[in-house]
1. Of all residues being among the β-branched types (V, I, T) and either at pLDDT 90 or above or under 17 Å from W47 (Cβ atoms) (or both) in the stretch 99-118, which is nearest to the chain's Cα centre (by Cα)? Just the residue, please.
2. Given I128, I146, which one is under 17 Å from E69 (Cα atoms) and modelled with pLDDT of 90 or more?
3. State all residues of the stretch 60-83 that are outside any loop (DSSP other than H, G, I, E, B) and either modelled with pLDDT of 95 or more or not β-branched (V, I, T) (or both); if no residue qualifies, say none.
4. Return only the number of the condition from (1) farther than 23 Å from D40 by Cβ; (2) touching a residue at least 24 places away in the same chain (Cβ under 8 Å); (3) assigned to a strand (DSSP E or B) that H96 does not satisfy.
5. Could you list, in sequence order, all residues of the stretch 59-83 that are touching a residue at least 60 places away in the same chain (Cβ under 8 Å) and either exposed (fewer than 15 other Cβ atoms within 10 Å of the Cβ) or farther than 11 Å from T118 by Cα (or both)?
Amino acid sequence: MSKIEEIQMIRKIFRAAVTVSAVVPLVLAAAPSPASADNDGYVWACWAAPGGNINGGCVKFHQHGEILEVRDHLSEGWGTRGQIQKLTPDSHGVYHWVNHSHNCFDDTSIGNAGLGATTCNYAINDGIVVRVHVWASRSGDTRYDIYSPEIRA
């Protein structure tokens, strides 16, 4: 390889490195992350029976307004419940998830208002870390617990 070819190759490598260093931060900024729920203003979670091919019900927490939207998708006898949980320290400073207020319930077999969803409005101090606990219930029996990602109220 001649000296001129060597210099040309070094220039190509340098240009490629400059291009990559400019593009990588843009790609990383555009890629979704587990914390992207904070940017959307809501988090959600759905329960499904094992082996089921459809969600039995979903709960969505809206960060602004502290609204819980509960939708039961199937009229198979299982209702959908959702409850907000706060990340709260105990007297020793150890953080635990604790229930916030009452749960919100939707059941397709009894009908509801609000275009097929039940909405519950809560008051939570801004900045508190919360998540949604979702589960199915029928006649006092509960199953299929699942939790949303966390978000700040």
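The values are calculated or read from the model by the stated rules, or taken from the named source; none is laboratory data. Predicted model, so just to flag it, every value in this text is computed and none were measured. We place every Cβ from the backbone using ideal geometry, glycine too, and count neighbours over all the protein chains shown.
1. Residue satisfying both the conditions and the ranking: T118.
2. Answer to the selection: I146.
3. Passing the criteria: K60, F61, H62, L68, E69, R71, D72, G79, R81, G82, Q83.
4. Unmet for H96, out of (1) farther than 23 Å from D40 by Cβ; (2) touching a residue at least 24 places away in the same chain (Cβ under 8 Å); (3) assigned to a strand (DSSP E or B): (2).
5. F61, Q63, E66, G77, W78
Table: residues versus (1) modelled with pLDDT under 50; (2) under 30 Å from H133 (Cβ atoms).
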position: I4; (1), (2): no, no
position: I7; (1), (2): no, no
position: K12; (1), (2): no, no
position: S33; (1), (2): yes, yes
position: V43; (1), (2): no, yes
position: G52; (1), (2): no, yes
